[in-house]
Every structure is written in structure tokens, then in C-alpha cells.
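The values are calculated or read from the model by the stated rules, or taken from the named source; none is laboratory data. Only a predicted model underlies this, so the values are computations on that prediction, with no experimental measurement involved. Cβ placement follows ideal geometry from the backbone for every residue including glycine, while neighbour counts extend to all protein chains displayed. Just the protein is used for accessible areas: all its heavy atoms, side chains included, with ligands, DNA and RNA removed. Shrake-Rupley method; radii C 1.70, N 1.55, O 1.52, S 1.80 Å.
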Amino acid sequence: MASSQNTVQQNTFGQITVANQSKLKIIQHIHTDAERVRERPFVSYSPYRGLKHFDEESRHQFFGREKIVAELNGAIKEKNLLVVAGSSGSGKSSVVRAGLIPVLRKQLNPAVFRSFRIERPDRNPFFALAQCLDGFSQQRIYRACIEQPSKDSLRTLLTELPENGAQWLLFIDRFEEIFQITEERYRRPFLDG
């Protein structure tokens with residue numbers, strides 16, 4: 001059944017109709033019987049997370065972004081700073097949390113790989129960083145960075161971390177807050193660092 005005006009393709013999912021080559025109309029009929037439904041094992045959870053992000057614990061449910069994860073993995077090996085930008089809700093956090101971080105954890109020696117996440121930079125990104133690095137640096141350095149931030153504060157904080165030879169990944173989620181919420185006296189030194 002083909003004509004220049006209307007093409008119909010039958011497949012196992014139903015009928016797909018393309019009319020006038022400019023509109024796509026999908027008509028789908030799914031038929032199943034009650035007995036087949038009763039025979040299936042009951043799945044008590046939905047793999048769809050709604051608006052929640054995927055993370056390392058839910059990485060087995062995260063798929064379809066292998067290409068972008070591979071591109072990020074290649075880019076992070078060449079650059080010290082990697083920015084993942086996109087529309088709100090487009091999956092930026094999930095791609096890093098459930099894609100890139102697990103890949104890096106597999107590739108790098110787990111004895112030296114450290115991943116830290118600033119959930120929100122908020123009003124003072126130095127404080128947010130100090131919180132996520134709690135236990136890895138000395139309080140005097142935290143205080144200096146928080147009380148008297150300078151362009152050297154970030155570098156000082158990170159170079160004073162113990163564990164020589166460790167490979168650190170710092171993931172700052174919601175980085176745009178630095179331009180929206182962070183106080184200027186913290187914003188400029190953090191960005192300059």
C-alpha cells in the first residue's frame with residue numbers, strides 16, 4: 001500500500017503512517033492476553049526515576065548515553081577542566097554521576113582514585129568544597145580559604161590534600177549557582193583559582 005501521498009509500514013509494533021512527508025502520525029495497537037500478563041514476574045520498582053538524577057548506585061539503570069560518556073572520558077584525559085553544559089533537566093548530572101564517574105573508577109586504580117562532589121556551590125563554594133573534602137585536609141587551611149578567600153585559596157586547599165599520587169575528580173553540580181547565588185567576595189577568588 002504505497003502512494004506518493006501516504007506511506008504505511010506494518011511492523012510488529014503496529015502501524016506507522018507518514019502523511020505528505022511532513023507529518024508523522026503513530027498509531028500503535030498492542031495486543032496481549034491476560035494469561036501472558038499473569039505469567040510474567042512482577043517487577044516491584046520502576047527503572048524510570050522521574051526528575052531524580054542517576055548516580056553510581058543506579059548506573060545499571062542508566063543507558064543510552066554511552067557516546068557522550070566516551071567523549072567526556074576522552075576529554076577529561078586531555079584537560080584539567082571539563083564543563084558539561086545543557087538545558088535544565090537534560091541529564092548533565094546523570095551523565096557524570098552514573099556515566100563518567102563509574103567509567104573512571106573502572107579505568108583508574110581504585111586505590112588512588114578519589115571522586116568528590118559539590119552538590120551546590122551556594123553562597124560560599126570554598127565552604128562547600130571544604131565540606132565535601134572533610135577529613136582530607138587540615139582545618140587551618142579550610143579556615144584560611146573560607147575566612148580570607150583569594151585566587152590562591154583553591155590551589156592551596158587542593159595541593160595540601162594528603163595522599164600523594166592520588167587522582168582527584170572534583171564534580172561541581174549546579175555550577176551556574178556561582179553566578180546566581182555566590183557572594184562576590186567568594187565568586188571571584190573561586191573562579192580565579
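Results, tabulated for the structure shown:
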read-out	value
Sites Thr159 and His60 - FRET efficiency at Förster radius 41 Å, r taken between beta-carbons, to 0.05	0.65
Between the stretch 162-193 and the stretch 34-96, the alpha-carbon center distance in angstrom	24
His60 - accessible surface, heavy atoms, 1.4 Å probe, Å² rounded to 10	140
Solvent exposure ordering (accessible area, 1.4 Å, most first) of Phe116, Phe63, Phe42	Phe42, Phe63, Phe116
Two-site FRET efficiency, Phe116 against Arg40, from Cβ-Cβ distance with R₀ of 41 Å, rounded to 0.05	0.45
Largest to smallest principal axis extent of the C-alpha atoms in the stretch 35-193, angstrom	70, 35, 28
Largest to smallest accessible area among Lys106, Lys92 [probe 1.4 Å]	Lys106, Lys92
Ser150 paired with Thr32, simple spin-label distance in nm, labels 7 Å along Cα-to-beta-carbon	6.6
Distance in nm between pseudo-label sites at Glu71 and Arg49 (7 Å out along the Cβ direction from Cα)	2.1
